[in-house]
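Worksheet for the structure shown next.
The values are calculated or read from the model by the stated rules, or taken from the named source; none is laboratory data. Note that the coordinates shown come from a computational prediction; the quantities given were computed from them, not determined experimentally. Here Cβ is always computed from backbone atoms with ideal geometry, including for glycine, and neighbour counts include all displayed protein chains.
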Amino acid sequence: MITFIPRDKVSKNWIIIAPILSIVFTIFFGLLIFTFLGYNPLETLYQIFVSPFSRIDRISDILVKACPLIIIGTGLMLCFKSNVWNIGAEGQFIMGALLAGFIALSFPNIETKFFLLITILAGFVGGALWAFIPAILKTKLNVNEILVSLMLVYVAMLFIDFIVRGPLRDPMSFGFPLSKPYPEGALINKIPFPGIGFLGQLHYGILFVFLLVPFSWIFVNKTLSGFKINVLGSAPQAAKFAGFKQNSITITVLLLSGGLAGVAGVIEVSANIGQLQPEVSFGYGFTAIIVAFLGRLSPIGILFAGIIIATVKLGADNAQMTMGIPKVVTGLFEGILLFFLLTGETLQKYKIKWSEGKK
Amino acid sequence: MAKKELDILLKATKICKSFGNFVANQNIDISIAKGQIHALLGENGAGKSTLVKIFYGVLQPDSGSIEINNQKISITSPNIARKNGIGMVFQHFSLFPALTVAENILIALDNKIKFKKVVDEISKLSKEWKLFVDPLKLVSELSVGEKQRVEIIRCLMQNPSLLIMDEPTSVLTPQEIKNLFKILKKLASSGCSILYISHKLEEIIELADEVTILKSGKSIASIDAKKTTTNFLAETMVGKKITELKKAIRSKSKKIAFEVKNLDKLKDHEFGISLRNINLQVNYGEILGVAGIAGNGQVELMEILSGEINSKDNDQILLEKIPIGKTNINERRKLGIETIPEERTFHATVPNLTLSENTFLTYFFKYSNTKSWITNLLNNPQNSLDESKKIVKNNDVRCPETNPLASQLSGGNLQKFILGRSLANNPKVAIFSQPTWGVDIGAATAIRQKLLDLSQSGKAVILISQDLEEIFELSDKICVINEGVLSEIFDVRDITATDVGLLMGGKNRKNQKMDPIK
């Protein structure tokens, strides 16, 4: 039997060494698996870890991919810190994108970019409303939020599918389930760099991340609300003793995380797609759960975790495209990486003790 | 004391056990004779529970040896302990409330017997040892004393040669304790050894043949219990002279500080307690002691007195005749009512937060409501750094570093911090639940002195405690809570410990008027 014993003190050196060791182990097992399956192991590792950094436009693609992960992950951080298990960010992402899309398509001729403020706000409201359902069911009827938020993901997926095939379908789409293209005022442009032009898909939406990270850091560490969230998550009884209202904290974190997922949805669609289609998210809402935990539920950590996960996802895509490695194999590799990263983090905090167990 | 080799049932030599850097047991030697009642005495954290868990196979020692009947054995699981004749009654009972007594005993048996036979066996044992319980009753319907009897019967079913009892009297009334002692003495005279763990000195003198005293994980003395005094035991256990409390000389004010009138509260979960028709009042300069066995509604009463939960009507709770039943806990703090719940960690404090953050926990409203909106917005635990340092300094809270996590403090020091945090608010009314529970004698004395000082300076104090000695030592007036019903209030000079014991066991409930609540 294995028992985990908390360490008295987390060593500062290990905070740096553990992730490096995790990557070394991942590479080792990756080499084994790729060799065993008959792929050139060194080239595969190159594709996964190095190729995303090999060109400056690829680096900017990492940021583009990390952008929704960081935004959603930051929202989920607030939930998870207060022991509220919002698993439905994927659905809130879709509903945010959908409501914003509805507003955008209602003004087909608008050109001013100030309109973006309205669509982003609409995205926040859409996501927050979708998260409000589990929030109200949990606080009023004590219904488990994990179940409700997860099930609502599938409702949202089917709903957007219905909308783009029905009410919002573009008559000129030749039968494809697509909406009309967004008006100019609802599109997020790529960032032009003087003398270079565009860097991959890098768009202005990334600015939102640069605002969000410091603001969420201040919110968590320097405000009473952040303190309340922390206390509620660590000791609900103590939150009562301090006079914090559990239900209003629960509702607040769900609305904030739903809203942020919705904003991520708006940015993703407005910057990269430009119209509504049945699939607007590619599992961002679920991947962000991993990002939130890998980032140890801290805003700065989530920034880095988002970038790491985005890198590996892009690297895996590259390996699939250039070497024809099947998706399941790169998926396996991603799994190994996560396993070692999380193991490394656990072993920083706990010692392992092997003991003779009962048979 | 010399013992013949033959007479020794269990002999442990040089037992060591550590948890991380914390050494719980260090070279402990102990030998228990056959038919002996052997007491294990020590303060909280001295290593008593660790040692007996090693004997019962729940924990494995790092080094050292255990012999039973002169044969060296290694007890790797409770199963093996039971096979070697060791039975244990834990401090916290491990019974399923939804099953009957006989079912509970049946599932714990190592060898499978028919249900009918178990029932017969229980009836036989309970008659033989005067351990009266109905085998077909549900455990949830039993009193604490009865539950303990079930645990003892469960051990006796295995014909033990050694019975370990971990603080068995902490949940019993004085009458139940007397009864238990009779049973234990009878058991011992029939040849069963008993290892009896306690920190209550009088009990040990009355019951035990031999006492082994543990202090900070070491066995420091084995003494003949019949030839010693409580004072000697106490000083050996603590390692220093115990300071006596300075009794307060009070100016008796007749001004009512805090009142509760006809308070009812239905339980909100299955194993909770409903409060029924609670009435109490406390004057300034007075300590009102609320005695009672744990789990009789103290937690529920505390929730409603502190303001974590509101009472149904505003005028069920009054501060200087002003109704406050509908105010929340922070409004009550601002009015000068300070409360301390019995759970130190996870309720009164958050263990993984620092002391300054834990100060902020009940102080945060003092730093908002300033004129500058940015200060209000950025109201964070940094603000309470100075206040928490002051609390640490004024209350002799010993910290391993300047602003440690609450979990780094020992129970006694954490409680001193919690008390200091409340007193720093300069309360008019202080309501404290089990303030010295599980705290070492040194800290307990300091805390009791603070309560006396508080009442002497004219404040009203309500002390909810299951420690009868403490209640009698500190209180001016005493009442008893039993199954959610509060007795009338007695002057401390008009009531004896026996009377209080009877009330704790629920004796007065029949003559008290009780309106069933809907």
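Summary of computed values
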{"read-out": "Segments classed as helices (runs of 4 or more DSSP H), wholly inside region A:1-109, with at least 1 members that are touching a strand residue (DSSP E or B) at 6+ places or on another chain (Cβ under 8 Å) and closer than 30 Å to residue A:124 by Cβ", "value": "A:56-81, A:89-106"}
{"read-out": "Test: residue in region A:199-210 that is within 30 Å of residue A:52 (Cβ to Cβ), of a type outside the set (Ser, Thr, Tyr) and without any contact (Cβ under 8 Å) to a residue 24 or more places away in the chain", "value": "yes"}
{"read-out": "Out of A:224, A:202, A:255, sole residue that is closer than 26 Å to residue A:95 by Cβ and either more than 14 Å from every other protein chain (Cβ to nearest Cβ) or crowded, with 18+ Cβ neighbours inside 10 Å (or both)", "value": "A:255"}
{"read-out": "Tally, over region B:398-447, of residues that are under 17 Å from the mean Cα position of the chain (by Cα) and either among the aromatic types (Phe, Trp, Tyr) or part of a loop (DSSP other than H, G, I, E, B) (or both)", "value": "9"}
{"read-out": "Residue identified as assigned to a helix (DSSP H, G or I) and closer than 15 Å to residue A:70 by Cβ among A:267, A:251", "value": "A:267"}
{"read-out": "Members of region B:10-59 that are in contact with a helix residue (DSSP H, G or I) (Cβ under 7 Å, 6 or more places away or on another chain) and either among the hydroxyl-bearing types (Ser, Thr, Tyr) or free of Cβ contacts under 8 Å to residues at least 24 places away in the same chain (or both)", "value": "B:56, B:58"}
{"read-out": "Unmet criterion (only one of (1) modelled with pLDDT under 90; (2) in the same structural domain as residue B:303 (by TED's automatic domain parsing); (3) touching a helix residue (DSSP H, G or I) at 6+ places or on another chain (Cβ under 9 Å); (4) loosely packed, with under 15 Cβ neighbours inside 10 Å) for residue B:262", "value": "(1)"}
{"read-out": "Selection from region A:179-205 of residues that are β-branched (Val, Ile, Thr) and assigned to a strand (DSSP E or B)", "value": "A:191"}
{"read-out": "Residues satisfying the stated conditions in region A:164-190, i.e. out of contact with any Pro (no Cβ under 9 Å at 6 or more places or on another chain) and hydrophobic (A, V, I, L, M, F, W, C)", "value": "A:168, A:172, A:174, A:176, A:186, A:188"}
{"read-out": "Residues of region B:235-259 satisfying the condition of being assigned to a loop (DSSP other than H, G, I, E, B) and either modelled with pLDDT of 80 or more or touching a Pro at 6+ places or on another chain (Cβ under 7 Å) (or both)", "value": "B:255"}
{"read-out": "Whichever residue in region B:148-191 is closer than 25 Å to residue B:79 by Cα and under 17 Å from the mean Cα position of the chain (by Cα) and, among such residues, is surrounded by the most Cβ atoms within 10 Å (Cβ to Cβ)", "value": "B:165"}
{"read-out": "Residue B:339 at the interface with another protein chain (Cβ under 9 Å from one of its Cβ atoms), touching a strand residue (DSSP E or B) at 6+ places or on another chain (Cβ under 6 Å) and either without any contact (Cβ under 8 Å) to a residue 24 or more places away in the chain or buried (at least 21 other Cβ atoms within 10 Å of the Cβ) (or both)", "value": "yes"}
{"read-out": "Residue within region A:262-273 that is surrounded by fewer than 22 Cβ atoms within 10 Å (Cβ to Cβ) and either touching a His at 6+ places or on another chain (Cβ under 9 Å) or not assigned by TED's automatic domain parsing to the domain that holds residue A:70 (or both) present", "value": "yes"}
{"read-out": "Condition met for residue B:415 (crowded, with 18+ Cβ neighbours inside 10 Å, touching a helix residue (DSSP H, G or I) at 6+ places or on another chain (Cβ under 8 Å), at positive phi and away from chain A (no Cβ under 14 Å))", "value": "no"}
{"read-out": "Selection count where residues are over 25 Å from residue B:296 (Cα atoms) and not in a helix (DSSP H, G or I), scope region B:448-476", "value": "3"}
{"read-out": "Residue A:189 vs. criteria within 14 Å of chain B (Cβ to nearest Cβ) and at pLDDT below 95", "value": "no"}
{"read-out": "Residue in region B:477-490 that is in contact with an Asp or Glu (Cβ under 9 Å, 6 or more places away or on another chain) and either in the same structural domain as residue B:174 (by TED's automatic domain parsing) or assigned to a helix (DSSP H, G or I) (or both) present", "value": "no"}
{"read-out": "Identity of the residue in region A:205-221, touching a Pro at 6+ places or on another chain (Cβ under 6 Å) and of a type outside the set (Gly, Ala, Ser), that ends up farthest from the other protein chains (Cβ to nearest Cβ)", "value": "A:213"}
{"read-out": "Residue count for region A:261-310, restricted to those that are farther than 19 Å from residue A:131 by Cβ and in contact with a Cys (Cβ under 9 Å, 6 or more places away or on another chain)", "value": "3"}
{"read-out": "Residues (surrounded by 15 or more Cβ atoms within 10 Å (Cβ to Cβ) and acidic (Asp, Glu)) located in region B:109-127", "value": "B:121"}
{"read-out": "Out of A:60, A:82, A:54, sole residue that is closer than 30 Å to residue A:247 by Cβ and polar (S, T, N, Q)", "value": "A:82"}
{"read-out": "Restricting region B:349-397 to residues that are within 15 Å of residue B:408 (Cα to Cα) and part of a loop (DSSP other than H, G, I, E, B), the residue that is farthest from the other protein chains (Cβ to nearest Cβ)", "value": "B:397"}
{"read-out": "Flag for residue A:347 being more than 22 Å from residue A:219 (Cα to Cα) and at pLDDT below 90", "value": "yes"}
{"read-out": "Residue, surrounded by the most Cβ atoms within 10 Å (Cβ to Cβ), within region B:71-108, restricted to residues that are free of Cβ contacts under 8 Å to residues at least 24 places away in the same chain, away from chain A (no Cβ under 14 Å) and among the β-branched types (Val, Ile, Thr)", "value": "B:73"}
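Residue-by-condition table, conditions (1) in the same structural domain as residue A:156 (by TED's automatic domain parsing); (2) assigned to a helix (DSSP H, G or I):
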residue	(1), (2)
A:278	yes, no
A:285	yes, yes
A:296	yes, no
A:302	yes, yes
A:307	yes, yes
A:337	no, yes
A:340	no, yes
